[in-house]
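Working notes, beginning with the structure itself.
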Amino acid sequence: MLISVIRTVILYTFIILAIRLMGKRQISDMQPSELVVTMVISDIASLPMQNTSQPLLSGVVPVLMLVSLEVTVSVLMMKSRRFRQLICGSPVVVIEDGKLLQKQMRRLRLTTDDLCAQLRQQNIFSLEDVQYCIMETNGVLSILEKPEKRVPNAEECGAQIDDNKIETVVISDGTLIDSSLKLCGRDSAFINNILNKKNIPIKDIFIMTLDGNGKYNIIRKES
């Protein structure tokens, strides 16, 4: 039993590193090649986990090969548009200038229910509101509403909006996050100065947010 646990932990750690090498994508954002590799890796890794008589390398080596192939394919897709289209396909227009293209929907095997569901997920509840709808290669719909349905931006309204810069979590559960401080252009001394003035120990903070202008919000831990 102990051997099985150790092998599982080793393979689990190795697979996480392998997936990190392939990039940071959610399942819904994966291209076909990435999704296939991820599924195959999970199947390969499960074999040495279940069968302790099987060498651990029998799971590690194929995973390394798959990751190497995926990285190579990714580089080739960056270099060659034609190769990328061969592997991932091309975006397909489903609604063009307000007209629903039924032929393209049949080609994609996209039902009206699926189309309407994805539209609703983007807060669009009527086909009449859509000017263009494109099915991207990762299966996500990109939508452009008709001009009269679009929300005007500040530039179009002639409004002046203050730039508050990015807001990030700089302290999480009593831990200072250096990478978030860099995004705000601040350092730990700036945070310590605020906490000293308010007489709050960092260990008592559940969340502290900070933006580039120095505006912050502190939520203490519940006792």
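The values are calculated or read from the model by the stated rules, or taken from the named source; none is laboratory data. Just so it is clear, the structure is predicted and the values come from calculations on it, not from any experiment. In this analysis, Cβ positions are derived from the backbone assuming ideal geometry, glycine residues included, and neighbour counts consider all displayed protein chains.
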Examine the stretch 159-177 for a residue that is of a type in the set (A, V, I, L, M, F, W, C), surrounded by 10 or more Cβ atoms within 10 Å (Cβ to Cβ) and at pLDDT below 90, and state whether such a residue exists. yes
Listed by first then second residue, the pairs whose first member lies in the stretch 74-101 and is more than 14 Å from residue 137 (Cβ to Cβ), whose partner is loosely packed, with under 11 Cβ neighbours inside 10 Å, with beta carbons under 8 Å and at least 6 positions apart or on separate chains, are 98/128
Quiz item: Does residue 90 fit the bill of being more than 30 Å from residue 9 (Cα to Cα) and not in a helix (DSSP H, G or I)?
Solution: yes
Margin query: For the stretch 144-158, check the following and say yes or no: at least one residue is in a helix (DSSP H, G or I) and of a type in the set (S, T, N, Q).
Written below: no
Note on the stretch 194-223: residues basic (Lys, Arg) and either closer than 19 Å to residue 183 by Cβ or in contact (Cβ under 8 Å) with a residue 40 or more places away in the chain (or both) are 215, 221
Note on the stretch 113-135: residues surrounded by fewer than 16 Cβ atoms within 10 Å (Cβ to Cβ), part of a loop (DSSP other than H, G, I, E, B) and more than 21 Å from the chain's Cα centre (by Cα) are 125, 126
Within the stretch 176-185, residues closer than 18 Å to residue 164 by Cα and in contact with a strand residue (DSSP E or B) (Cβ under 7 Å, 6 or more places away or on another chain) come out as 180, 181, 183, 184
Of the candidates 64, 21, the one satisfying the condition of being assigned to a helix (DSSP H, G or I), modelled with pLDDT under 70, outside the structural domain of residue 118 (by TED's automatic domain parsing) and farther than 22 Å from residue 134 by Cα is 21
Flagged in the stretch 186-223 as part of a strand (DSSP E or B), out of contact with any Gly (no Cβ under 9 Å at 6 or more places or on another chain) and over 16 Å from residue 167 (Cα atoms), in numbering order, are 220
